[in-house]
Amino acid sequence: MKTLKSIVAATDFSEEARHGVDRAALIAKEQQARLELLHVISRASLDALDNVFRAPADVEAKLVDDARSTLNELIADIGGKTSVVASPCIKIGRVLDEVLSASESADLLVLGAHGRKPMRD
C-alpha cells in the first residue's frame, strides 16, 4: 500500500463532515501524513446575502473569522484525540471547484457522507 503524505478533509461543519474529519485524522496518524482541514465559503451565497439583505461590507471578513475559529476548535479537538496537528484552510469561491483545487496536490481527499441515504450518496 502506498504511504500517504498529505490528506485534505473538506468540512461544512455538519455532523456528517465531522465523521469524515475524524476518519481523516485517524488515517493521517496511521500514515504520519499532513492533514489539512478545508472549509469553502460559497461566493454565490455571499453574493446572494449581499443582494437580498444588503449585508454590511465586513460580512465576508466576519464569516471567514467565524469559519477560522470553528476550524481551529475542530483542529484542537482532533489533536486532543489523535495527537494529529492539522492545518486550517479557508477558501471563498465555487465549493466544488475549490475542493477539487485543494485536493489536486493531496494524496487523499476525505468527504463526509451526505444526504438521506449516506451509503448511496
For region 60-73, name all the residues that are of a type in the set (S, T, N, Q) and open to solvent by less than 70 Å² (accessible area, probe 1.4 Å).
SER69, THR70
Those residues that are buried (at least 19 other Cβ atoms within 10 Å of the Cβ) and under 12 Å from the mean Cα position of the chain (by Cα), I need them from region 2-28; list them, please.
ILE7, VAL8, ALA9, ALA10, THR11, ALA17, GLY20, VAL21, ALA24
Out of ASP77, ASP97, ASP107, which single residue is at pLDDT 95 or above, under 18 Å from LYS5 (Cα atoms), out of contact with any Phe, Trp or Tyr (no Cβ under 8 Å at 6 or more places or on another chain) and of a type outside the set (A, V, I, L, M, F, W, C)?
ASP107
For residues that are at pLDDT 95 or above and open to solvent by less than 40 Å² (accessible area, probe 1.4 Å), scanning just region 29-59, find the one that is farthest from GLY80 (Cα to Cα).
VAL40
Could you run through region 80-98 and say how many residues are surrounded by 14 or more Cβ atoms within 10 Å (Cβ to Cβ) and in contact with a helix residue (DSSP H, G or I) (Cβ under 8 Å, 6 or more places away or on another chain)?
10
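The values are calculated or read from the model by the stated rules, or taken from the named source; none is laboratory data. None of the values given here were measured: they were computed from a predicted structure. Every residue, glycine as well, gets a Cβ built from its backbone with ideal geometry; the counts of neighbours run over all protein chains shown. Surface accessibility is based on the protein's heavy atoms, side chains included, excluding ligands, DNA and RNA. Shrake-Rupley method; radii C 1.70, N 1.55, O 1.52, S 1.80 Å.
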